[in-house]
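As structure tokens, the structure follows; a few thoughts come after it.
Derivation of every value follows stated rules applied to the coordinates shown; laboratory data play no part. Owing to the predicted nature of the structure, the values given are computational and were not obtained by experimental measurement. Neighbour counts run over all protein chains shown; Cβ positions are idealised from the backbone, glycine included.
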């Protein structure tokens, strides 16, 4: 199963929790483990707060401070994107109980774009039933 994501900015955190929940419901997955993997080297996945959009802004600003867009040996102009994606990570594992992903009250699943804007970014989803 593949989820398609479109981004609109170079650096962007896009909440995909609703898409993931819809996929679980459409497939009637009840109890087990959900594996999510982003299929790009300049994007990532994370779980973080979804109640305050300022958290996304803070994360992007902190990553930009940690990994500035400076001259790198990789000359395609997106080396900082590769480094940011490596810091965050390309995969997540989420428990599913009674057809619902197990997330904290303020948690959401985010696709992290670091080389946008892009269309048709992909998240691979695999479910292992209990």
Taking a crude spin-label model, label points 7 Å out from Cα along the C-beta direction, the residue 30 to residue 122 distance in nm is 3.1 nm
Going by how many other Cβ atoms sit within 10 Å of their own, how do 74, 40 line up, fewest first?
-> 74, 40
The distance between the Cα centres of segment 59-104 and segment 1-38, in whole Å, is 16 Å
222 nm [θ] for the chain, helices only, -39500 (n - 2.57) per DSSP H run of 4+, per residue, to 500?
-> -8000 deg cm²/dmol
Residue 105 versus residue 39, label points 7 Å from Cα toward the beta carbon: distance in nm?
-> 3.8 nm
Largest-first semi-axes in Å of the equivalent ellipsoid built from the Cα gyration tensor of the chain are 28, 15, 12
